[in-house]
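Laboratory data are not the source of any read-out in this text; all were calculated from the coordinates shown. This structure is a prediction, so every number in the text was calculated from the model and none was measured. Neighbour counts run over all protein chains shown; Cβ positions are idealised from the backbone, glycine included.
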Amino acid sequence: MWWPYNLVQVSLFRALHEVEIRPKGGLTRLQFFLVVLASSFAYYIVPNYLFPSITALSFVCWIWKDSVTAQQIGSGLRGLGVGSFALDWSTVAGFLGSPLATPGSAIINILVGFFITVYILIPIAYWTNSYEAKRFPIFSPHVFNADGGKYDVSVVLNETTFQFNRQGYDGYSKIHLSIFFVYTYGLSFATLAATISHVALFHGRAIWQQTKVSFKDKFGDVHTRIMRKNYDPVPQWWFYTLLMVVVGLSLLACEGFGKQLQLPFWGILLAILLALSFTLPVAVITATTNQQPGLNVITELIIGYMYPGKPLANVAFKTYGTISMFQAITFLSDFKLGHYMKIPPKSMFIVQLAGTLVASSVYCGTSWWLITSVEHICDPSKLPEGSPWTCPGDDVFYNASIIWGVVGPLRMFGPLGLYSKMNYLFLIGILAPVPVWVFSRLFPEQKWICFINMPIIIGGAGGMPPAKAVNYICWGAVGIFFNFFVYRRFKGWWARHNYILSAGLDAGVAFMAILCYFTLQVRDINGMRWWGLDLDDHCPLASCPTAPGIEVEGCPVFT
């Protein structure tokens, strides 16, 4: 397992610390990094502040301004994104990570899954009116009532106890989703099931052998032998102590403070068990593809059945389960980086712990400050033009809390729900890797078969929403250009500069975003008033329903 993203960090650390003679007519890696960083830093003021509209340019919408169907097809933010592109690195790498750090085979798998989902599955489902899809937008993370309007959560949620109001729900409406959001959840079921099946089939023997070797304290990996020869390992009691402290604090947070989080103690223990169970298979996928299937949907599903009607308990359980696994995999990735860089394991552990404490404190403080200082944060309808505080990820998180926490999976994906057939995708996910594995055994000389990764293909569009079609299109285009064209035509340049380029682009965007906020946006100075200031692709009709008789503000009514 080589953890592709670590190669970016290794390349950056080497560029920063190794003494290098400048090649004739060229640049050292450090000089190249600084040039890229400065260029990315200077340019990012354009999409971040002066011309945000270039984060998604949808020419189809500009040509057919009055066509709902054309805008559904062409919108990069609220549609299928045909012909849409961006001139912004944060659009490219903001959701899927840097394409320069993702293996070419993983890029192809993701794009195959994306194209099958977005350009075959979704159009067929929408234009055949599956699940009454035409009553709602083709792509939206929001929840709707049966008439195509915004779902009034206050009717089904007791605002005093934050619990499900069954009487209000029975007299109102079932929750309806956009067809894309329905299949996002269904394919999430399949992705996690395929992850387990894929890892068991393709890596099960290696995992079992490695497990037996580890118990005998014998390691064949050269990096591990070097590390064990020169450095003391991290004592196990360090991990156990940290685990007990964190679990204790989590139990205090849930059982104390008047039990405001609604989650009982057993919910914490179950979330930890889920994270423990899925860390290995998900880490294998992450270590080989630079993509990480999440536990967010399966955690919502489980606690939604076990403890229904309590949205705060649902999001708390999801957070504990998902973030625990995410942090575990991040720890593994960092220890692998320590292997590459020959960093003492004890030093790496201490730095990880210190970094986690600092980062969590800063995140909490920054979030609290933003919530109390930015007026109308996360409400795009009330924010000024050019404001960056639209919070697409939090928007999805909120709507998921309604779906899984308030109403619950029984009334969404269970026997009482509209989308119970999505559960068949668990079975499809389990079976999907089997034919690939069989063909790889029957035709071992065809090495390309082993590069077919069904969890990645099935979850190809799994980041949508909050990611949009334009994010995938630009990410795929950049990834194919550098990891196929540049790699094959200029392999020496690629080996020397590709990962440094990725680090420089990321760093430049990050520094300019911070500078813009603290010097301009914190004072509500959001740039000149013009059409390019709108953080939108100017496809207002893309979110319109097309079913006859459905009335939505700003949309034509079909007859």
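Using only the C-alpha atoms, the convex hull of segment 300-411 corresponds to 143 Å³ per residue.
Sorted into 5 angstrom bins from 0, the C-alpha pair distances of segment 187-249 split as 3, 13, 12, 13, 14, 18, 19, 7, 1, 0 percent. For segment 150-280, the equivalent ellipsoid derived from the alpha-carbon gyration tensor has semi-axes of 44, 25, 11 Å in decreasing order. With a Förster radius of 30 Å applied to the beta-carbon distance between Val362 and Glu553, the computed FRET efficiency rounds to 0.15. Taking the alpha-carbon distance from Lys216 and a cut-off under 27 Å, which lysines remain once sequence neighbours fewer than 8 residues away in the same chain are dropped? Cα-Cα hits under 27 Å: Lys229, Lys336, Lys342, Lys346.
Give the separation of the Cα centroids, segment 176-206 to segment 349-366, in Å. The two parts, judged by their Cα centres, are 32 Å apart.
Restricting the calculation to Cα atoms, segment 85-225 yields a radius of gyration followed by a Dmax of 22.7, 67 Å.
One Cα centroid belongs to segment 83-161, the other to segment 407-475; the line between them spans 15 Å. Relative contact order of segment 1-142: 17 percent, from C-alpha pairs under 8 Å at least 6 residues apart in sequence. Altogether, the Stokes-Einstein calculation at 10 °C and 1.306 mPa s, with the Kirkwood radius of segment 440-559 over Cα pairs as Rh, returns a diffusion coefficient of 80 µm²/s. Over the chain, DSSP H runs of length four or greater, each weighted -39,500 (n - 2.57), average out per residue to a 222 nm ellipticity of -18000 deg cm²/dmol. Dimensions of segment 398-457 along the principal axes, based on C-alpha atoms and rounded to the nearest Å, stand at 52, 24, 11, largest first. Placing dummy labels 7 Å off each Cα toward the beta-carbon, the span from Gln209 to Leu410 is 4.9 nm. Applying a 4.7 Å Cβ-Cβ cutoff to the chain leaves Cys254, Cys364, Cys450, Cys474, Cys516 as cysteine residues with no disulfide-compatible partner. Under the criterion of Cα pairs below 8 Å and six or more residues apart, the relative contact order for the chain equals 34 percent. When both bridge partners sit in the chain, DSSP labels roughly 90% of those beta bridges antiparallel. With 23 Å as the cut-off, how large is the P(r) tail for segment 47-134, expressed as percent of Cα-Cα pairs? Here the tail beyond 23 Å accounts for 35 percent of pairs. Counting every other Cβ atom within 10 Å of each residue's Cβ, Leu501, Leu427, Leu337, Leu263 order from fewest to most as Leu427, Leu337, Leu501, Leu263. For Lys318, which lysines qualify as cross-link partners when the Cα separation must be under 19 Å and same-chain residues fewer than eight apart are set aside? Cα-Cα hits under 19 Å: Lys259, Lys310.
For the chain, taking Cα atoms only, Rg and Dmax work out to 24.5, 77 Å respectively.
Computing Rg and the Kirkwood Rh from the Cα coordinates of segment 488-540 gives a ratio, Rg/Rh, of 1.22. Using the beta-carbon distance between Ser173 and Leu269 and R0 = 41 Å, what value does 1/(1 + (r/R0)^6) give for FRET efficiency, to the nearest 0.05? So, using R0 = 41 Å, E works out to roughly 0.70.
Roughly how far apart, in whole Å, are the Cα centres of segment 516-535 and segment 221-281? Cα centroid to Cα centroid, the span is 42 Å. Note on segment 1-105: Rg/Rh from Cα positions, Kirkwood definition for Rh, rounded to two decimals, is 1.13. When the label point is put 7 Å from the Cα of Phe162 along its Cα-to-beta-carbon vector, which residues of segment 390-409 have a backbone N closer than 20 Å? It comes to 393-409, nothing else. Annotation for Glu445 and Tyr517: the two label points, set 7 Å from Cα along the Cα-Cβ direction, are 5.7 nm apart.
Each distinct pair of alpha carbons in segment 228-361 adds a 1/r term; the inverse of their mean, the Kirkwood radius, is 16.2 Å. Full extension of the chain between Val246 and Ile124 gives 39.2 nm of extra length, using 0.36 nm per residue less the Cα-Cα distance.
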